Amino acid sequence: MYNQAIRVRDTDSALGRYSLKTKEIGLKDLARMHGHLCDGLVIAFVEIKAVFERLFPEGVVDRTDLRAVSKNGPCWVDAVSWMTGARINFQTLRIDNSVGDGFIIQKISTGETYQVSLKPGVFPAKQADLEARIRAARAEGKPVTATEIAELERQADRLSQKMLTTPPSILLDVRPLPNYRFVPMDLLGTRGDIVNKNMPR
């Protein structure tokens, strides 16, 4: 099984130093915080853990030294926030749907950065189609049947089992991003229409 807990290092208090002891965070902890265990949470856990193994080969994750990019999905944001300590309000978490069902994670002190995603074909097309149909129906205000929801849950459970029993190297594409520049958000900027206001005519 590939659901072993991660060991993390944090600080002792709001203005404290590094804790003398590490702590463990496991998939069960993540599910309690998130509200349920689901395939999205499992995928996120396995993906983030795979990046941690590269960024922290000694086995202890420094949650004070990380920033991340995640799509805007409840499973993804909850998992990456909990596991990395990254947060929007500290400008260490960026929400960007272009990363898809994966993450970009950067070690702040070194700039070392990896992008992780599922390899093509890992997420079942049948499950993706059913999810899309259910989301479209709900977006239009149409009901879905209990049978459809139960079938989606069965498919999601099968995918979770696959994620937790298959070597991550078979499931994941983890690639370095050299010279990656983390931008916490691009909604703010300087006025471009005034940069030449004092230039002669």
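The values are calculated or read from the model by the stated rules, or taken from the named source; none is laboratory data. Just so you know, these numbers come straight off a predicted model, no measurement behind them. Neighbour counts run over all protein chains shown; Cβ positions are idealised from the backbone, glycine included. These accessible areas exclude ligands, DNA and RNA; they are computed on the full protein's heavy atoms, side chains included. Shrake-Rupley method; radii C 1.70, N 1.55, O 1.52, S 1.80 Å.
A few remarks follow.
- Matching residues in region 1-15 - criterion: being open to solvent by less than 80 Å² (accessible area, probe 1.4 Å), at pLDDT 90 or above, part of a loop (DSSP other than H, G, I, E, B) and out of contact with any helix residue (DSSP H, G or I) (no Cβ under 8 Å at 6 or more places or on another chain): Asp10
- Residue-level analysis places Val174 outside the set of residues that are within 26 Å of Asp39 (Cβ to Cβ), touching a Leu at 6+ places or on another chain (Cβ under 6 Å) and either at pLDDT 95 or above or assigned to a loop (DSSP other than H, G, I, E, B) (or both).
- Taken as a whole, the structure leaves Ser98 outside the set of residues that are outside any loop (DSSP other than H, G, I, E, B), in contact (Cβ under 8 Å) with a residue 60 or more places away in the chain and of a type outside the set (Lys, Arg).
- When Ile104 is tested against (1) of a type in the set (A, V, I, L, M, F, W, C); (2) more than 20 Å from Leu37 (Cβ to Cβ); (3) open to solvent by 30 Å² or more (accessible area, probe 1.4 Å), only condition (3) is not met.
- Within region 141-157, being part of a helix (DSSP H, G or I), open to solvent by 50 Å² or more (accessible area, probe 1.4 Å) and either farther than 10 Å from Gln127 by Cα or of a type in the set (S, T, N, Q) (or both) holds for Ala146, Thr147, Glu148, Ile149, Asp157.
- Pairs where the first residue, in region 1-18, is touching a residue at least 24 places away in the same chain (Cβ under 8 Å) and β-branched (Val, Ile, Thr) and the second is part of a loop (DSSP other than H, G, I, E, B) and open to solvent by 60 Å² or more (accessible area, probe 1.4 Å), C-beta under 7 Å, 6+ apart: Thr11/Arg17; Thr11/Thr64
- Among residues of region 38-61 that are more than 21 Å from Gly100 (Cα to Cα), those with a beta-carbon under 8 Å from a residue that is among the hydroxyl-bearing types (Ser, Thr, Tyr) and open to solvent by less than 10 Å² (accessible area, probe 1.4 Å) at least six positions away or on a different chain give the pairs Val61/Thr84.
- Annotation note: of Gly35, Gly85, Gly40, the sole residue that is within 19 Å of Thr166 (Cβ to Cβ) and either modelled with pLDDT of 95 or more or among the aromatic types (Phe, Trp, Tyr) (or both) is Gly40.
- One residue stands out among those in region 42-55 that are surrounded by fewer than 24 Cβ atoms within 10 Å (Cβ to Cβ) and either aliphatic (A, V, I, L, M) or part of a loop (DSSP other than H, G, I, E, B) (or both): the one that is nearest to the chain's Cα centre (by Cα), which is Val46.
- Some residue of region 63-77 being modelled with pLDDT of 95 or more, within 16 Å of Ala5 (Cβ to Cβ) and touching a Cys at 6+ places or on another chain (Cβ under 8 Å): no
- Positions within region 56-94 being in a loop (DSSP other than H, G, I, E, B) and either surrounded by 18 or more Cβ atoms within 10 Å (Cβ to Cβ) or basic (Lys, Arg) (or both), in sequence order: Phe56, Arg63, Lys71, Gly85, Ala86, Arg87, Thr92
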